[in-house]
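*Asks:* Here it is, the structure, as structure tokens.
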Amino acid sequence: GTGHRFASASWLFAGYLLAWAAFSLFATLLHWWLESSALMAPTMQAANTHLAGAVLCAAGLYQWLPIKNRCLTQCRAPLQFIQQHGGFQAHAGGSLRLGLLHGSYCVGCCWLLMLLLFVGGVMNLLWIAGLMVLVLIEKLAPQAQSIVRAVGLAAVAGGVWLLLR
């Protein structure tokens with residue numbers, strides 16, 4: 001209506017991917033460090049039950065934190081997020097920033113769940129599929145808050161069990 005064109009959506013998408021690429025770099029560096037410290041097995045999962053238990057407990061506790069819920073709320077509805085943050089941008093830099101911001105919220109709600117790959121195995125397809133379904137349920141289910149917290153309790157229980165055995 002104003003005669004102004006919007007920046008290409010690819011800039012928004014690039015910002016979103018940049019957020020996930022930064023997390024991927026962090027996870028890769030962490031994996032390399034854990035591997036060089038002999039804390040990862042050749043199967044690409046935690047070789048140490050204390051490490052696995054600690055990661056499970058951390059992921060479970062994170063599910064209960066307000067920041068998890070805030071990030072999940074922002075990540076859940078991308079169009080609503082864009083509208084709340086000024087709408088589609090006319091310039092590439094604004095679109096890139098908006099995509100990076102949205103991607104950061106999405107990383108924020110899922111980063112510790114993604115680190116659970118170190119527990120079950122980075123290449124374990126069943127574990128990957130289970131985490132994918134969990135993230136999908138968190139983002140789409142109407143009663144997501146209760147699901148998020150139930151998963152948190154289960155993760156803490158599993159982590160405590162690993163730490164005590």
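The values are calculated or read from the model by the stated rules, or taken from the named source; none is laboratory data. Keep in mind it's a predicted model, so treat the numbers as computed, not measured. Using ideal geometry, Cβ is built from the backbone for each residue, glycine included, and neighbour counts are taken over all protein chains shown. Remember, those area values only see protein heavy atoms, side chains included, never the ligands or the DNA or RNA. Shrake-Rupley method; radii C 1.70, N 1.55, O 1.52, S 1.80 Å.
*Asks:* Evaluate the following for GLY108: is it under 24 Å from ALA46 (Cα atoms), surrounded by 15 or more Cβ atoms within 10 Å (Cβ to Cβ) and more than 18 Å from the chain's Cα centre (by Cα)?
*Replies:* No, not satisfied.
*Asks:* Just give me the residues in the range 25-37 being in a helix (DSSP H, G or I), more than 17 Å from GLY159 (Cβ to Cβ) and not β-branched (Val, Ile, Thr), in sequence order.
*Replies:* Those that are in a helix (DSSP H, G or I), more than 17 Å from GLY159 (Cβ to Cβ) and not β-branched (Val, Ile, Thr): LEU25, PHE26, ALA27, LEU29, LEU30, HIS31, TRP32, TRP33, GLU35, SER36.
*Asks:* What are the pairs, 6+ residues apart or on separate chains, where a residue within the range 82-106 that is in contact (Cβ under 8 Å) with a residue 12 or more places away in the chain and farther than 14 Å from LEU17 by Cβ has its Cβ under 8 Å from a residue that is among the small types (Gly, Ala, Ser) and outside any helix (DSSP H, G or I)?
*Replies:* PHE88/ALA7; GLN89/ALA7; ALA90/ALA7; HIS91/ALA7; ALA92/ALA7; ALA92/SER8; GLY94/ALA7; GLY94/GLY86
*Asks:* Inside the range 111-123, can you point out the residues that are open to solvent by 60 Å² or more (accessible area, probe 1.4 Å) and farther than 16 Å from TRP20 by Cα?
*Replies:* MET123
*Asks:* Further question: Being among the aliphatic types (A, V, I, L, M), modelled with pLDDT of 90 or more and buried (at least 16 other Cβ atoms within 10 Å of the Cβ) is the requirement here; does VAL135 meet it?
*Replies:* yes
*Asks:* A further question follows. Condition check: surrounded by fewer than 17 Cβ atoms within 10 Å (Cβ to Cβ) and either closer than 23 Å to LEU164 by Cα or among the β-branched types (Val, Ile, Thr) (or both). Does LEU39 satisfy that?
*Replies:* In short, yes.
*Asks:* Pairs, please: C-beta under 9 Å, at least 6 apart or cross-chain, first residue surrounded by 16 or more Cβ atoms within 10 Å (Cβ to Cβ) and in the range 15-35, second among the charged types (D, E, K, R) and assigned to a helix (DSSP H, G or I)?
*Replies:* Close Cβ pairs satisfying both conditions: GLY15/ARG97.
*Asks:* Still on this structure: Using the structure shown, decide if GLN80 is more than 18 Å from the chain's Cα centre (by Cα), more than 27 Å from LEU30 (Cα to Cα) and not basic (Lys, Arg).
*Replies:* The answer is yes for GLN80.
*Asks:* Still on this structure: If we keep just the residues of the range 141-162 that are farther than 15 Å from LEU112 by Cβ and touching a residue at least 12 places away in the same chain (Cβ under 8 Å), which is least open to solvent (accessible area, probe 1.4 Å)?
*Replies:* ALA144
*Asks:* Within the range 38-71, restricting attention to residues that are more than 24 Å from LEU126 (Cα to Cα), in a helix (DSSP H, G or I) and in contact (Cβ under 8 Å) with a residue 60 or more places away in the chain, which residue is farthest from the chain's Cα centre (by Cα)?
*Replies:* ASN69
*Asks:* Spot the failing condition for TRP111; the list is (1) under 22 Å from LEU34 (Cα atoms); (2) touching a Leu at 6+ places or on another chain (Cβ under 9 Å); (3) among the aromatic types (Phe, Trp, Tyr), and only one is missed.
*Replies:* (2)
*Asks:* Taking ALA58, is it small (Gly, Ala, Ser), closer than 19 Å to GLU138 by Cα and open to solvent by 20 Å² or more (accessible area, probe 1.4 Å)?
*Replies:* Yes.
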